[in-house]
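Notes to accompany the following structure.
Taken together, the values in this text are just the output of simple stated rules run on the coordinates, not laboratory data. What you see is a predicted model; the values in this text were computed from it and never measured. Here the Cβ positions follow ideal geometry from the backbone for every residue, glycine too, while neighbour counts run over all protein chains shown.
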Amino acid sequence: MTSKEIVKRAVNFSNPPRTPILYFNRDLDRSDAFFVSYSDPEDFVPDVEGRSEWGFIWKTSDGTMGQPHFPPLEDGWELLSGYKLPNPDAPGRLNSARGIIEKNPDKYIIGNLGISGFNMITFIRGMENIFEDMFFERENLDILTDKVFGFESRMIEHYASIKADAVSFYDDWGTQNNLMVSPNQWREIFKEKYKKQFDLAHSLGLHVFFHSCGQIDLIIPDLIEIGVDILNLNQPDIFGIEYLGENYGGKVCFNCPVDHQTVAINGTRDEIFDYTKRLQKSLGTYNGGFIANIEEYKSVGMSEENYIAISEAFEALNK
């Protein structure tokens, strides 16, 4: 059975022969699943270093992924009429992705939208502005959101055309303790927009992979309801592993690492091995339902020893 088939069985709760593993940013040859991403157009040349197609400037200085600066609509909605989003059909978008897929026919391929949805509109307008716009500028907010979601929907179609197996959304909604907005506000403004995207993906034969950092328990039932197939939570300790299993096990396939804020950073080898067993027992005993996630994260304090222990611990689940 190929990696692709094993992952699909885990997602569909149809008895995979082992726990599939997703290596995120290292040792990709050992991964059952690959991310592929769309590229800048062939003719895109930023006017200043770090300028993205979307208009903001990305800066990094400490080994982490960095932060966006200078949102192009930060100074007011009067700039919206002249704001042009990237062209999803631009030549060169899928050159790299197509090549990776052709070289890895037996892998489960996830077409990555990158930082998407809500997070992207905060990069364009500025986060503080967006929180105010939810109350005072709904019409303009809806226009911008529909533009961003529209770009993403076209990319979903492109990923389906090159035979990806899933599409991934990276859209953080939580703080350490709660949602960044009220659940009713999330449902009123964003839920139906996500549903349209997820319905499109499913109509094209793609699974929906959804990542969110933070405490998002209040909307997990909504995400499941509107079609998330794989839920990537990198901080399972915020919820409690057993809580996730008791409440959502068998309803969505989880993709979780050893918690990136706790055990992955500070745990001993024995604690790491125990943690992976808890993940498998709580989330993956529903004829599937769990994909292990392994990410090298030295930028936030993960040691080489712990990275190796995490890899060995997850792979030991299959022995």
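What to note about this one:
- Local electrostatic count at Lys191 - Lys and Arg +1, Asp and Glu -1, tallied over other residues with Cβ under 12 Å: 0
- Rounded to 10°, Cα long-axis angle of helix 269-283 versus longest principal axis of the chain: 80 degrees
- Packing-based order for 96-105, 225-234, 18-27, using average beta carbon neighbours within 10 Å, highest first: 225-234, 18-27, 96-105
- Taking GluC sites (Glu not before Pro) across region 26-73, the ones in a DSSP loop with at most 10 further Cβ atoms lying within 10 angstrom of their Cβ are Glu42, Glu49.
- Electrostatic tally near Ile238: other residues with Cβ closer than 10 Å to its Cβ, Lys and Arg +1, Asp and Glu -1, net -3.
- Mean Cβ neighbour count within 10 Å, used as a protection proxy, ranking 184-190, 252-258, 67-73, 154-160 highest first: 252-258, 154-160, 67-73, 184-190
- Volume in Å³ per residue [convex hull over Cα atoms, computed for region 67-106]: 128 Å³
- Separation of the Asn287 and Ile143 label points, Cα + 7 Å toward Cβ, nm: 5.0 nm
- Correct choice for semi-axes √(5λ) of the Cα gyration tensor in Å that was computed from the model, options (1) 32, 30, 17; (2) 32, 22, 20; (3) 29, 26, 19: (2)
- Positive minus negative residues near Phe210 (Lys, Arg vs Asp, Glu; Cβ under 9 Å): -2
- Helical content alone sets the calculated 222 nm signal of the chain at -11500 deg cm²/dmol, taking -39,500 (n - 2.57) per DSSP H segment of four or more residues and averaging over every residue.
- Segment Lys298-His69, length gained on full extension (0.36 nm per residue, minus Cα span): 80.0 nm
- Ranked by the mean number of other Cβ atoms within 10 Å of their residues, highest first, the peptides 60-66, 204-210 come out as 204-210, 60-66.
- Vicinal HN-Hα couplings computed from phi for region 188-197 (Karplus, 6.51 cos²θ - 1.76 cosθ + 1.60; Hz; Gly/Pro x): 5, 8, 10, 4, 5, 5, 5, 4, 4, 5
- Cα-Cα over 31 Å, subset of Lys196/Lys281; Lys277/Lys298; Lys195/Lys298; Lys4/Lys193: Lys196/Lys281; Lys195/Lys298
- Annotation for Lys84 and Met1: the two label points, set 7 Å from Cα along the Cα-Cβ direction, are 5.0 nm apart.
- Potential lengthening of the chain between Ser61 and Phe135 amounts to 23.2 nm, from the contour at 0.36 nm per residue minus the alpha-carbon distance.
- Centroid-to-centroid, using Cα positions, region 45-98 and region 269-319 are 34 Å apart.
- Gain upon complete extension [Glu42, Ser96; 0.36 nm per residue less C-alpha separation]: 18.3 nm
- Bridge type composition, the chain - antiparallel percent by DSSP, nearest 5: 15 percent
- Other-chain or far-sequence residues with amide H under 5 Å of Phe290's (modelled H): Phe254
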